[in-house]
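Engineer: The structure follows.
Read the figures in this text as sums done on the coordinates, not as results from a lab. Computed from a predicted structure; not experimentally measured. Cβ coordinates were reconstructed from backbone atoms using ideal geometry, including for glycine residues, and neighbour counts include every protein chain displayed.
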Amino acid sequence: MTEIAVDAFLADSVSSEDGKLHAQGAGWNRILTPGLPTLHGRIGLGLVVRVPAAAAGAEHEIVIALHGPDGALVPLGVMAGDGEAPIQSVTGTFSVDTDGAVEEELLPVAINVDGLRLERAGVHRFVVSIDGAMVRSVPFAVAVRDGDAG
């Protein structure tokens, strides 16, 4: 069976409507900040999940997490209430049906992370896993602008 694959990009904001992704400020891989730690307003992650016909009809789990330069999980936010526990990942399930007209079905997924607290400079990675296997890593660098205090 052909594996499920994922195409991905970073943007300032992403939405999914009518089976399509809509992005604003897409195609970057660097955040420049005057200092660290910093709160970044919004990061959009656009995904196109490519599901082969052989994998259609089954339920699949997708997990998206952010790893810092040291490989540790970076919280994507906090859950309101009860101590405001950190959100370590976004998890969901999906299934697609196919009519056999195409070899694979495309599933657009839009994730926006608001108020992301970035503590360290270096390469961060959104890691996308499906059914327990890592299928895509989306790296971006965080750096303090030259001339700014850090």
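Engineer: Please sort by residue number the GluC sites (Glu not before Pro) in the range 19-93 whose DSSP state is loop and whose Cβ has at most 15 other Cβ atoms within 10 Å.
Structural biologist: Answer in residue order: E59, E84.
Engineer: Could you line up V78, V51, V96 from fewest to most neighbouring Cβ atoms inside 10 Å?
Structural biologist: V78, V96, V51
Engineer: Taking the beta-carbon count within 10 Å as an exposure proxy, list H124, H40, H60 from fewest neighbours to most.
Structural biologist: H40, H60, H124
Engineer: How much length, in nm to one decimal, is gained on full extension between V48 and R145, taken as 0.36 nm per residue of separation minus their Cα-Cα distance?
Structural biologist: Result for the pair: 31.7 nm of gain on full extension.
Engineer: Okay, moving on. What ³J(HN,Hα) values, in whole Hz, does the Karplus curve 6.51 cos²θ - 1.76 cosθ + 1.60 give for the range 86-91 when θ = phi - 60°, with x put for Gly and Pro?
Structural biologist: Those phi angles translate into x, 8, 8, 7, 10, 10 Hz.
Engineer: As I understand it, the dipole of the chain uses +1 on the Cβ of Lys and Arg and -1 on the Cβ of Asp and Glu, about the Cα centre. Which of A141, V113, S95 lies farthest toward its positive end?
Structural biologist: A141
Engineer: Here's a follow-up. Which is the longest part of the chain that has none of the trypsin sites (Lys or Arg not before Pro) sitting in a DSSP loop with at most 15 other Cβ atoms within 10 Å?
Structural biologist: 1-119
Engineer: With a ≥ b ≥ c taken as the square roots of the eigenvalues of the C-alpha gyration tensor of the range 54-106, please select rounded if a/c is under 1.5 and otherwise prolate if a/b is larger than b/c or oblate if it is not?
Structural biologist: It comes out prolate by the Cα gyration axes.
Engineer: Let me ask something else about it. Which ordering of D131, D18, D7 is given by a fewest-first count of other beta-carbon atoms within 10 Å?
Structural biologist: With the fewest neighbours first, D131, D18, D7 line up as D18, D7, D131.
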